[in-house]
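Inspection log for the structure reproduced underneath, given as structure tokens.
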Amino acid sequence: MGYCIFSFAADVEKVKQVFDSCDSLLFDQIQDNEVFKNYASQDFENHISTREALRHIIHGEPYRKHSAHAYWYALISIFAFLGHELPYNQDIELDNETELIDNYLRSDFGIETTVAEILLNNFPDLGLPDVATFPLAGAITHSDISQLSNDLQEVVLSNNQIELLWHTQSEKDEIKAFVYNSIKGFKDNIDFCYENNLSLISFCH
């Protein structure tokens, strides 16, 4: 399994308000979230825990740069708690799947784009320590989503159309069905954020 991109619909300004808020109730609530529990169960030895990183963020305590990953996992947990459920919440595999999406958007819809770059760029500076490698992060603001939603208007895919491709039992059609489902999900998420005045926030690891 390679690296995967996963996304949240969120109001970035509300997330910024978490920093230095000293909100002890929020600190407890985020720890009850399944995303937080998953990261906390994988804490690295000789590094601060995800829980400690979350406390530093909320209570304005000094960051430990050698544990940068923990702060980013805590941040992902914050987005998971404050974010809105997206219509399409399946992970997208970086490289293999994103390249297929780009190819089908070009060949079948005449759209030239690079989905991975769109999703994993322009993340706002929240003051967290830089990570050497992963997780990657990106944000599509509402103003950019408006343009992107307009660009994707030519993409018209139905669940029935995708379902029919699955049932042909042809390897080529099954691949197309898989990619079409991802493309439809990507477009649905963009449209959802546009309609609800939210940003699309993505991470990859």
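The values are calculated or read from the model by the stated rules, or taken from the named source; none is laboratory data. Given the structure is predicted, the values throughout are model-derived calculations rather than measurements. We place every Cβ from the backbone using ideal geometry, glycine too, and count neighbours over all the protein chains shown. Accessible surface is based on the protein model in full, side chains and every heavy atom, while ligands, DNA and RNA are left aside. Shrake-Rupley method; radii C 1.70, N 1.55, O 1.52, S 1.80 Å.
The GluC sites (Glu not before Pro) of region 39-87 that DSSP puts in a loop, and whose beta carbon has at most 12 other beta carbons within 10 Å, are Glu45, Glu85. Given the pairs Lys14/Lys37; Lys16/Lys65; Lys37/Lys176; Lys14/Lys187, which span a C-alpha to C-alpha distance of over 26 angstrom in this model? Violating the 26 Å Cα-Cα cut-off are Lys37/Lys176.
Considering only Phe186, Leu54, Leu136, and ranking their Cα positions along the charge dipole of the chain that arises from unit charges at the beta-carbon of Lys, Arg, Asp and Glu, the one farthest toward the positive end is Leu54. The residue among Tyr88, Tyr63, Thr113 whose Cα reaches farthest toward the positive pole of the charge dipole of the chain, with charges on the beta-carbon of Lys, Arg, Asp and Glu, is Tyr63.
Using a probe radius of 1.4 angstrom, the carbon and sulfur fraction of the accessible surface of region 1-148 is 45%. For region 43-130, relative contact order (Cα pairs under 8 Å, six or more residues apart, normalised by length) works out to 28 percent. The mean accessible area for residues of region 1-152, using a 1.4 Å probe and ignoring ligands and nucleic acids, is 53 Å² per residue. Loop-located GluC sites (Glu not before Pro) in region 101-205 (DSSP state not H, G, I, E or B) with no more than 14 neighbouring Cβ atoms inside 10 Å: Glu112.
Under a point-charge model restricted to the Cβ atoms of Lys and Arg (+1) and Asp and Glu (-1), what is the dipole moment magnitude of region 47-184 relative to its Cα centre, in debye to the nearest 20?
The dipole of region 47-184 has a size of about 640 debye.
First check a/c for region 1-137, with a ≥ b ≥ c the square roots of the eigenvalues of its C-alpha gyration tensor; if it is under 1.5, answer rounded, and if not, answer prolate when a/b is larger than b/c or oblate otherwise. It comes out prolate by the Cα gyration axes.
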